[in-house]
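The values are calculated or read from the model by the stated rules, or taken from the named source; none is laboratory data. Just so it is clear, the model here is predicted, and its values are computed rather than measured. Neighbour counts are summed over all protein chains in view; Cβ atoms, including those assigned to glycine, are modelled from backbone coordinates with ideal geometry.
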Amino acid sequence: MVENVIWPAYFDATLSRREGRRVPRSLAVDDPTVDEIAQAVGQVGYDAVIEREKAYPRRGWTESGRVLVKDAGDAGKSDLLQAVGAYVATLRE
């Protein structure tokens, strides 16, 4: 079983790719939360576990939490992030 880690910084429109954003700016939102990401992961069809007391290293160890996606099947991490990003953007509309 493969566990994918998804950090909110992957979807943060205020960050550059170098700072940690992993989706195109068109799928990114301002200040995404782990709750929004977990909800989007559920919409895509995977189980999500939220870990709130974790810090993304590129952001100066500020606690932002992270989402663990259990057994994403054949989907690669990039495909998973694209699908989750589309749902996070839709949740904000």
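Below, the figures for the structure above:
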{"item": "Residue within region 25-37 that is closer than 11 Å to Gly85 by Cα, surrounded by fewer than 17 Cβ atoms within 10 Å (Cβ to Cβ), without any contact (Cβ under 8 Å) to a residue 40 or more places away in the chain and not polar (S, T, N, Q) present", "result": "yes"}
{"item": "Residue check for Leu68: under 11 Å from the mean Cα position of the chain (by Cα), surrounded by fewer than 19 Cβ atoms within 10 Å (Cβ to Cβ), modelled with pLDDT of 90 or more and assigned to a strand (DSSP E or B)", "result": "yes"}
{"item": "Among (1) assigned to a helix (DSSP H, G or I); (2) more than 13 Å from the chain's Cα centre (by Cα) - the single one Val41 does not satisfy", "result": "(2)"}
{"item": "Some residue of region 47-55 being in a helix (DSSP H, G or I), surrounded by 15 or more Cβ atoms within 10 Å (Cβ to Cβ), touching a residue at least 12 places away in the same chain (Cβ under 8 Å) and under 11 Å from the mean Cα position of the chain (by Cα)", "result": "no"}
{"item": "Options Val41, Val5; residue that is surrounded by 12 or more Cβ atoms within 10 Å (Cβ to Cβ) and within 13 Å of Leu91 (Cα to Cα)", "result": "Val41"}
